[in-house]
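Readers should treat all values here as calculations from the given coordinates under stated rules, not as data from a laboratory. Values in this document were obtained by computation on a predicted structure and should not be read as measured data. All Cβ positions, glycine included, derive from the backbone under ideal geometry; neighbour counts span all protein chains shown.
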Amino acid sequence: MATPADRRLLRILTYLMFAMFAMTTDSVGVIIPHVIERYSLGMTAGGAFQYATMGGIALAALGLGFMADRLGRKATIVVGLVLFGASSALFAVGEHFLFFVGLLFVGGLGIGVFKSGALALIGDISGSTREHSATMNTVEGFFGVGAILGPAIVAWLLQSGADWKWLYVVAAALCGGLVLASSLARYPVRPAAPAAARAPASLGRTLALARDPHALGFGLALMLYVAAEAAVYVWAPTYLAGYEGRWTWFAVYAVSIFFVLRAAGRFLGAWLLSRLSWQAVLALCSAGMFVCFAVAVLGDRGAAALALPVSGLFMSVLYPTINSKGISCFDKGRHGQIAGLLLFFTCVSAVLAPLAMGLLGDAFNDPKYSLYLASGCALVLTALAIWNAVADPTRARLSRRDAEDYVTPEDAAASLAPPA
């Protein structure tokens, strides 16, 4: 029988999975300019490196997220890692733009599969909905570390005369180690769905979850958050380009500072959530994020060069907390399905929000208008978070899940079984 040490190993593996794929997904902004130059592309075509990955993740999350509930967390994670690792390794033998786009789409499918399984696993190894949120913040903290390492590796490759594509080969090598470790690790017994939901997990049942008001509410909150975040790492460099003034250094490194603060804040978030209610944390941090955007749009570019990176500190806690609470509202037997559904909402916003902001900026010939839209999203999210703190609409659902679906630390070892 597995031990608490096995649960710790699963946590570590999950942390490393998120850091590993973040190295590639959050390096796209650094890679795209080199792709545009090499293949003589426009911005729309070059942006396919972003759309292909996010499109693959969205399709897999919605269409295959149920695998974690039907086949088990272990099989789903291993299958997704193999798919991502194989597609990343093939970058070594490719040279053509469309070939790379195809590999990114397949890699996105792999991410969508193993991420859905990993998100469901986090619920299995958490002892309460509160611990679930704290663990999710730590996981996303490691994602933030990967988002910092990836662009740094690309910069080092280019400075040394190597091609950016070797970043994906590095990711493939790391992925190979994770496949081996994940295959040998012991996993908790797969939670059973309640009697009312014991039909086999499927795409149809995943879509049926979209009618649940809690799923829709958390999905909307995630879309609003992702829209605000995308404004910083996608469009802030365009808005701040050419700025010369007192805060030039911050303008040049705005996105890097944003990622560093976002990563640091997520580790801090795990500590914060252990001391304050999650409703209060969401309300305070969403309000802080909105203030940063308000300063950016009401002030000049110098103000934006300071305020936009600082927003990462407030944003850091929002995504993992919203995501974890959305998943925790459902029984563990359906965590794979709800994790996939919420990931789908996330990726749809990651594609549509930057596109809408770009169109708005083009229409008014000023990239600052992208920040106006992002500020509106931040304001709506703040209003929702404040209402959530006052009305507490999920209290009954989360209390029931704590009572019926989560183990205590003393029961943890007994809830695990030998490897399948």
- In order over the stretch 298-305: 3J(HN,Hα) from phi, Karplus 6.51/-1.76/1.60, θ = phi - 60°, whole Hz, x for each Gly or Pro, gives 7, x, 8, 5, x, 5, 5, 4
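Just to verify a number: FRET efficiency for residue 359 and residue 5, C-beta to C-beta distance, R0 = 56 Å, to 0.05?
0.60
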- Note on the structure: Going from the fewest other Cβ atoms within 10 Å to the most, one would list 34, 132, 214 as 34, 214, 132
- 3J(HN,Hα) from dihedral phi, the stretch 320-331, Karplus parametrisation 6.51/-1.76/1.60, rounded to Hz, x for glycine, proline: x, 6, 4, 5, 5, 5, x, 5, 5, 6, 10, 4
- Message: Pairs of alpha-carbon atoms within less than 8 angstrom and 6+ residues apart define the contacts here; what relative contact order does the stretch 5-116 have, in percent?
- Response: 33 percent
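Mind giving me the FRET efficiency for residue 392 and residue 248? R0 is 30 Å, r the Cβ-Cβ distance, nearest 0.05 is fine.
Values: r = 45 Å, r/R0 = 1.51.
Efficiency computed from Cβ-Cβ geometry: 0.10.
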- Message: Compute, for the chain, the length of the dipole vector about the Cα centre, with Cβ point charges of +1 (Lys, Arg) and -1 (Asp, Glu) only. Units Debye, rounded to 20.
- Response: 800 debye
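Work through the residues other than residue 81 whose Cβ is under 13 Å from its Cβ and net out their charges, Lys, Arg +1 and Asp, Glu -1.
+3
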- Note on the structure: In whole Hz, the Karplus estimates of ³J(HN,Hα) for the stretch 100-117 (6.51, -1.76, 1.60; θ = phi - 60°; x where Gly or Pro) are 5, 4, x, 5, 5, 5, 5, x, x, 4, x, 4, x, 6, 6, 5, 4, x
- Would you mind calculating the gained length between residue 402 and residue 169 on full extension (0.36 nm times residue separation, minus the Cα-Cα distance), in nm to one decimal? 79.7 nm
- Which FRET efficiency value, to the nearest 0.05, do you get for residue 155 and residue 274 by plugging their Cβ-Cβ distance into 1/(1 + (r/R0)^6) with R0 = 35 Å? 0.45
- Note on the structure: Out of 92, 146, 80 - ranked by how far each Cα lies towards the positive end of the dipole of the chain, with unit charges on the beta-carbon of charged residues - the top one is 80
- Note on the structure: Ordered by fewest other Cβ atoms within 10 Å, a rough proxy for footprinting exposure, 400, 266 read 400, 266
- Message: Could you work out the relative contact order of the chain? I mean the mean sequence separation of Cα pairs under 8 Å and 6+ apart, divided by the number of residues, in percent.
- Response: 27 percent
